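Student: Before I ask anything, let me first share the structure, which is written out below as structure tokens.
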Amino acid sequence: MSGASDGTLFVHYPCFDGLVSGAIASDYLETNRGWTIGRIVTVNYDRQASWLAEELPQNSAVVDFLYHPAATFWADHHATTFLNDEVRISFECYLRERIHLYDRTAPSCAKLLWDHFGAVSSDVERYGEMAYWANRTDSAEYASVEEAIFGTSPALQINATLALRNDSEYGIRLLRSMRTMTLAQIAALPEVRSKADEVRERTEIGLRDIASAVRLEPSGIAVFEARPSENAIINRSRAMRTRKSPQCGIRGSTSKASTSARFSESTAVAGTGESLR
């Protein structure tokens with residue numbers, strides 16, 4: 001794969017693993033492959049239906065997102081990454097010509113990339129810390145429920161801000177910051193700190209909303225039906241594994257009392273309530 005003077009990077013967003021994967025991939029491509037990432041594009045699954053029909057720029061890298069045969073560089077770990085059998089065959093055909101990495105057993109895309117390229121990173125300590133936290137958040141490996149919802153580490157503060165309706169430019173600013181700054185420095189940025197404080201306040205509102213409505217099933221799943229308050233954030237995502245509890249979760253349903261209420265997928269709870277993201 002020759003150098004690309006004007007490469008385009010596609011990253012899954014809003015996703016902390018996607019952003020960190022983008023930072024690690026950018027570092028590898030620019031440091032070791034002669035690329036210059038001139039453009040960053042955030043992508044999410046609302047583009048799934050049209051993804052394969054999209055014409056990617058000539059020098060494109062795609063990380064933590066659906067496979068595209070035109071990508072010069074691609075890495076993902078999701079079991080649903082191949083949208084049909086034809087593109088799966090294409091992936092196998094291009095393995096020798098391009099850098100296409102896939103491991104559905106990898107707990108995160110960042111770990112997949114770090115395992116391959118960490119040894120040649122331009123800053124092993126800084127990018128290694130990012131890969132560590134991206135792996136923990138994407139695989140829902142938290143020390144406690146408290147850490148999952150109100151984690152105070154810089155990485156978890158940054159991750160929490162992704163629960164808001166941020167535009168793509170915010171994600172691009174975060175990714176560019178990851179190229180030169182530590183997680184602690186990024187978390188201390190006024191914009192990030194303000195968003196993290198907002199998420200905490202709105203999550204506390206959401207917790208108060210469900211406190212009187214939640215019940216514990218014999219299976220250990222907490223079930224609730226609640227009407228969210230104005231600006232509430234109710235955490236809702238996949239099952240969480242903590243060091244004290246191998247499996248726990250929340251299953252909830254809500255009625256939409258307010259269009260400003262949010263359902264956050266940034267922490268580790270298993271839910272069936274409607275997501276407003």
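The values are calculated or read from the model by the stated rules, or taken from the named source; none is laboratory data. No experiment lies behind these values; they were computed from the predicted model shown. With ideal geometry, Cβ positions are generated from the backbone for all residues, glycine too; neighbour counts draw on all protein chains shown.
Student: Within the set of pairs 6 or more residues apart or between chains, which connect a residue that is over 15 Å from L175 (Cβ atoms) and outside any loop (DSSP other than H, G, I, E, B) inside the stretch 34-56 to a residue that is charged (D, E, K, R) and at pLDDT 95 or above with Cβ atoms less than 8 Å apart?
Tutor: Going by the 8 Å Cβ cut-off, the qualifying pairs are R47/E54.
Student: With the condition being of a type in the set (S, T, Y), I'd like the helices (runs of 4 or more DSSP H) fully within the stretch 112-210 carrying at least 3 qualifying residues.
Tutor: In the stretch 112-210, the matching helices (runs of 4 or more DSSP H) lie at 124-138, 168-178.
Student: Also: Please work out which one of (1) within 15 Å of G22 (Cα to Cα); (2) in the same structural domain as I40 (by TED's automatic domain parsing) is the condition L174 fails and give its number.
Tutor: In the conditions (1) within 15 Å of G22 (Cα to Cα); (2) in the same structural domain as I40 (by TED's automatic domain parsing), L174 misses (2) alone.
Student: Also, quick follow-up: For the stretch 89-104, how many residues are assigned to a helix (DSSP H, G or I) and surrounded by 15 or more Cβ atoms within 10 Å (Cβ to Cβ)?
Tutor: So the answer is 3.
Student: Still on this structure: Considering every residue within the stretch 40-49, establish whether at least one is surrounded by fewer than 21 Cβ atoms within 10 Å (Cβ to Cβ) and polar (S, T, N, Q).
Tutor: yes
Student: Would you check which residues across the stretch 73-98 are touching a Ser or Thr at 6+ places or on another chain (Cβ under 8 Å) and modelled with pLDDT under 95 and list them?
Tutor: Listed by number, the list holds a single entry, R98.
Student: Also, quick follow-up: Give the residue, chosen from D85, D167, D76, that is surrounded by fewer than 19 Cβ atoms within 10 Å (Cβ to Cβ) and in the same structural domain as F16 (by TED's automatic domain parsing).
Tutor: D85 is the lone residue from the list that is surrounded by fewer than 19 Cβ atoms within 10 Å (Cβ to Cβ) and in the same structural domain as F16 (by TED's automatic domain parsing).
Student: Give W51, W35 a once-over and let me know the one that is hydrophobic (A, V, I, L, M, F, W, C) and within 27 Å of R126 (Cα to Cα).
Tutor: Checking each option against the conditions leaves just W35.
Student: From the residues in the stretch 58-82 that are of a type in the set (A, V, I, L, M) and touching a His at 6+ places or on another chain (Cβ under 9 Å), which one is farthest from A25 (Cα to Cα)? Steps first, please.
Tutor: Our first condition is that a residue be of a type in the set (A, V, I, L, M); within the stretch 58-82, this holds for 61-63, 66, 70-71, 75, 79.
From what's left, touching a His at 6+ places or on another chain (Cβ under 9 Å): 62-63, 66, 71, 75.
Working: V62: 9, V63: 8, L66: 16, A71: 13, A75: 9 Å.
Within the stretch 58-82, the match that is farthest from A25 (Cα to Cα) is L66.
Student: Here's another thing I want to ask about it. Could we say that V20 is under 19 Å from S139 (Cβ atoms) and not in a helix (DSSP H, G or I) here?
Tutor: Judged against the criteria, V20 is not a match.
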